[in-house]
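Structure record follows, encoded as structure tokens.
The values are calculated or read from the model by the stated rules, or taken from the named source; none is laboratory data. Remember, predicted model here, so these are calculated numbers, not experimental data. Cβ atoms come from the backbone with ideal geometry, glycine included; neighbour counts cover every protein chain shown.
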């Protein structure tokens with residue numbers, strides 16, 4: 001009888017051991033495959049930071065309750081953008097007429113194309129070592145402050161920048177093209 005008792009005991013212990021291992025494995029895989037809390041994921045996801053030079057300025061932005069016709073009736077007569085076309089969030093170029101030549105840049109009467117309200121404003125265009133000034137047709141090229149020597153007040157120019165110039169009256173120019 002002890003043999004029968006020992007074999008039943010061994011069988012029972014084996015069943016209990018298999019059940020315990022099964023429960024342990026089941027709990028482990030449930031924990032392993034459980035979804036991670038969404039709150040922690042949201043905290044971990046960082047919002048991309050926009051560099052200062054790529055952020056839009058605030059000059060000439062329309063308020064929510066304003067319309068272009070109310071703020072600038074002249075834009076309805078001679079718009080700088082097609083009527084009812086939205087202002088892009090990023091603007092890299094504009095045009096204008098040189099008012100004066102400064103030591104490190106230009107004062108320009110801008111066309112208003114880099115402002116949502118399309119109003120002409122005085123722009124303070126800064127030159128850097130990388131600024132390229134070209135003659136009409138891009139035959140002659142001048143780099144940096146040397147480009148100021150070939151410009152004159154009253155001259156029409158196109159201005160390009162590597163910065164977002166939307167809503168800004170002062171920025172560095174990458175290219176100045178005589179018109």
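Remarks
- The test for being surrounded by fewer than 21 Cβ atoms within 10 Å (Cβ to Cβ), assigned by TED's automatic domain parsing to the domain that holds residue 77 and in contact (Cβ under 8 Å) with a residue 60 or more places away in the chain holds for residue 162.
- Within this structure, residue 154 passes the test of being modelled with pLDDT of 95 or more and at positive phi.
- Among the residues of segment 49-85, the one identified as more than 18 Å from residue 163 (Cα to Cα), under 21 Å from the mean Cα position of the chain (by Cα) and modelled with pLDDT under 85 is 85.
- Residue satisfying all of: in segment 128-143; in contact (Cβ under 8 Å) with a residue 40 or more places away in the chain and surrounded by 13 or more Cβ atoms within 10 Å (Cβ to Cβ); farthest from residue 175 (Cα to Cα) among these: 128
- Some residue of segment 101-120 being assigned to a helix (DSSP H, G or I) and out of contact with any helix residue (DSSP H, G or I) (no Cβ under 6 Å at 6 or more places or on another chain): no
- Total residues in segment 121-148 satisfying the condition of being within 18 Å of residue 164 (Cα to Cα) and either in a loop (DSSP other than H, G, I, E, B) or not assigned by TED's automatic domain parsing to the domain that holds residue 172 (or both): the figure is 5.
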